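Read the figures in this text as sums done on the coordinates, not as results from a lab. Predicted model only: the values in this text are computed from it and were never measured. Methodologically, a virtual Cβ is constructed for each residue, glycine included, from the backbone with ideal geometry; neighbour enumeration extends over all protein chains shown.
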Amino acid sequence: MARTIADLAGSESIVTVHLSEAIGYRRADRDRNAAEGATPRAG
């Protein structure tokens, strides 16, 4: 996910801001799944 964010930002390398954004999306996805009663995936 961080690589995609970096690509969309036009960056050749992944930097902290890209990782932070990717982590934020992961947390939001996890929270949404928990609210829906979904079983967490491994990984």
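If we count every other residue with Cβ under 14 angstrom of Ala6's Cβ, Lys/Arg +1 and Asp/Glu -1, where does the sum land?
Details: positive: Arg3; negative: Asp7, Glu12, Glu21.
Cβ neighbours under 14 Å give a net charge of -2.
Could you tell me the relative contact order of the chain? Use alpha-carbon pairs under 8 Å, at least six residues apart, and round to a whole percent.
Numbers: 21 pairs, mean separation 12.3, N = 43.
Averaging sequence separation for qualifying contacts and normalising by length gives 29 percent for the chain.
Do me a favour and compute the ellipsoid semi-axes for the chain from its Cα gyration tensor, root of five times each eigenvalue, largest one first, whole Å.
Numbers: eigenvalues 133, 15, 11 Å².
So the equivalent ellipsoid measures 26, 9, 8 Å along its semi-axes.
Let's see if you can work this out: charge +1 on each Lys and Arg Cβ, -1 on each Asp and Glu Cβ, no other charges. What is the dipole magnitude of the chain about its Cα centre, in debye to the nearest 20? Mind showing how you got there, number by number?
Details: 6 positive and 6 negative charges, 38 e Å.
It works out to roughly 180 debye.
Suppose only helical runs count, i.e. DSSP H with n ≥ 4. What mean residue ellipticity at 222 nm does that imply for the chain under -39500 (n - 2.57) per run, divided by all residues and rounded to the nearest 500 deg cm²/dmol? Don't skip to the answer; put the middle values down first.
Details: 2 runs with 28 residues, N = 43.
About -21000 deg cm²/dmol.
Roughly how many nanometres apart are two label points built 7 Å out from the Cα toward the Cβ at Ala28 and Met1?
Spacing of the two 7 Å Cα→Cβ label points: 0.9 nm.
Report, in degrees rounded to the nearest 10, the 0 to 90 angle that the Cα long axis of helix 16-36 makes with the longest principal axis of the chain.
Approximately 20 degrees, to the nearest 10.
Enumerate the residues in the range 1-23 having an amide nitrogen under 16 Å from the point lying 7 Å beyond the Cα of Glu36 toward its Cβ.
In the range 1-23, the label zone of Glu36 (backbone N under 16 Å from the point 7 Å along Cα→Cβ) covers no residue.
Among 11-22, 27-38, how do they line up by average Cβ neighbours within 10 Å per residue, starting with the highest? Mind showing how you got there, number by number?
Working: 11-22: 12.8, 27-38: 10.2.
Per-residue Cβ counts within 10 Å, averaged per peptide and sorted highest first, yield 11-22, 27-38.
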